[in-house]
Amino acid sequence: MFPAFRLSSASVVFMSVFAMALSEIEGHLDSTPESFMDYWKRSGHTGKPRTADHISVQNLAGLAPELIEANAFPFRLGKALEGTGTAFALARSERIEDFFLKDSDVFLSKVDSYEPDVDRELLQQFVFLSSQVEVNTVNLAIASGLLARALRLDADTPRIAPATISSTFSFPVRPTPRAVVHEHVHGQVEIDAAFLARRDGYTVLVVLEAKHGRGSEDKETLAKTKLAYPASAICRSPDPPAHIPIVPVYLRSFTEGEQIMFRVVECVWPGLDSLRVTDPEPPAVTSLEIARVGPTLRLELDPSWALSVSGTLRR
């Protein structure tokens with residue numbers, strides 16, 4: 001089912017980062033959680049590693065080649081219960097694509113122009129916000145009404161700024177349907193945007209991951225953990241939003257001349273509600289899938305200030 005990974009006869013010092021871990025789980029679906037720092041040392045590597053570069057994977061391009069070859073993904077698991085620093089565990093699936101959303105698969109090629117349903121002068125504030133690019137594009141999408149259209153939210157949905165969160169959370173993690181459940185312990189989770197809205201008269205909680213820029217084809221992917229971890233963190237927070245459906249959303253924006261392009265895809269994570277109970281049976285991260293996708297929405301700015309905004313929301 002899974003490709004075999006063989007250790008070469010080369011010295012352990014010259015092995016790729018995850019070669020030893022892959023050899024240890026040959027024939028198994030996942031590894032036992034371990035301190036990455038301790039693993040780094042026992043696998044023969046020297047110096048101080050940049051842990052996040054190895055186990056906080058954003059996209060397929062950031063995944064180690066040996067993991068791609070073995071259809072394996074590193075799951076960051078917060079504070080190591082034994083050892084130093086952050087824990088991780090590897091999990092394998094039948095396809096490496098199971099761990100990612102691929103832009104070319106989830107976004108439509110069709111492009112529709114979007115006319116803001118507010119006075120354009122009210123959007124000029126974004127000209128002056130030259131930092132925090134991802135946050136600015138999210139706020140622009142909300143303030144202009146573009147995100148409400150993309151997600152089919154009710155017309156009276158508030159245009160308030162979303163909450164952005166960067167904190168530590170604990171929650172259970174099941175990498176794949178057949179994998180064992182691990183515990184993410186007081187680990188850092190960043191939520192680009194979270195806000196309450198109404199759809200068909202009912203309240204929903206949108207949890208959004210935003211990316212800005214149009215990279216090469218292999219970089220236009222998103223690790224499913226970037227949506228699954230924020231949703232899990234909210235469900236297991238001290239005061240979770242009881243009975244309010246959580247809607248994971250992936251937004252990618254990029255500029256084309258005097259235009260800002262927005263691609264929005266709504267996801268569904270079957271079993272997410274189980275995380276709200278005391279003794280949860282969490283859904284597999286790989287089971288997160290696409291629920292609804294619409295055309296790319298093009299927001300064209302007024303000629304008098306379009307160049308300034310395009311420069312502000314740079315790639």
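The values are calculated or read from the model by the stated rules, or taken from the named source; none is laboratory data. In this text the structure is predicted, and so the values were computed from the model without any measurement. Virtual Cβ from ideal backbone geometry, glycine too; neighbours counted across all protein chains shown.
Residues checked against (1) at pLDDT below 95; (2) under 27 Å from Leu299 (Cα atoms):
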position: Ile160; (1), (2): yes, yes
position: Arg198; (1), (2): yes, yes
position: His212; (1), (2): yes, yes
position: Glu217; (1), (2): yes, yes
position: Ala228; (1), (2): no, no
position: Pro240; (1), (2): yes, no
position: Arg252; (1), (2): yes, yes
position: Glu256; (1), (2): yes, yes
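Restricting segment 65-109 to residues that are among the acidic types (Asp, Glu) and more than 15 Å from the chain's Cα centre (by Cα), the residue that is surrounded by the most Cβ atoms within 10 Å (Cβ to Cβ) is Glu66. Scanning segment 181-217 for residues that are surrounded by 15 or more Cβ atoms within 10 Å (Cβ to Cβ) and among the aromatic types (Phe, Trp, Tyr) returns a single hit, Phe195.
Scanning segment 16-56 for residues that are β-branched (Val, Ile, Thr) and part of a loop (DSSP other than H, G, I, E, B) yields a total of 4. Only a single item in (1) closer than 17 Å to Pro241 by Cβ; (2) out of contact with any strand residue (DSSP E or B) (no Cβ under 9 Å at 6 or more places or on another chain) is not met by Ile165, and it is number (2).
Residues that are surrounded by 18 or more Cβ atoms within 10 Å (Cβ to Cβ), within 30 Å of Ser253 (Cβ to Cβ) and modelled with pLDDT of 95 or more occur at least once in segment 36-54.
Within segment 65-78, one or more residues are under 17 Å from Leu227 (Cα atoms), of a type in the set (D, E, K, R) and in contact (Cβ under 8 Å) with a residue 24 or more places away in the chain.
Would you say Ser253 is polar (S, T, N, Q), in contact (Cβ under 8 Å) with a residue 24 or more places away in the chain and not in a strand (DSSP E or B)? Here the answer is no, as Ser253 does not meet what is asked. Taking segment 57-105 as the range and being in contact with an Asp or Glu (Cβ under 9 Å, 6 or more places away or on another chain), under 17 Å from Ala19 (Cβ atoms), part of a strand (DSSP E or B) and not aliphatic (A, V, I, L, M) as the test, the residues that pass are Phe73, Phe88, Arg92. Inspect segment 118-128 for any residue being among the basic types (Lys, Arg) and touching a strand residue (DSSP E or B) at 6+ places or on another chain (Cβ under 7 Å) and give the result as yes or no. No: segment 118-128 contains no residue that is among the basic types (Lys, Arg) and touching a strand residue (DSSP E or B) at 6+ places or on another chain (Cβ under 7 Å).
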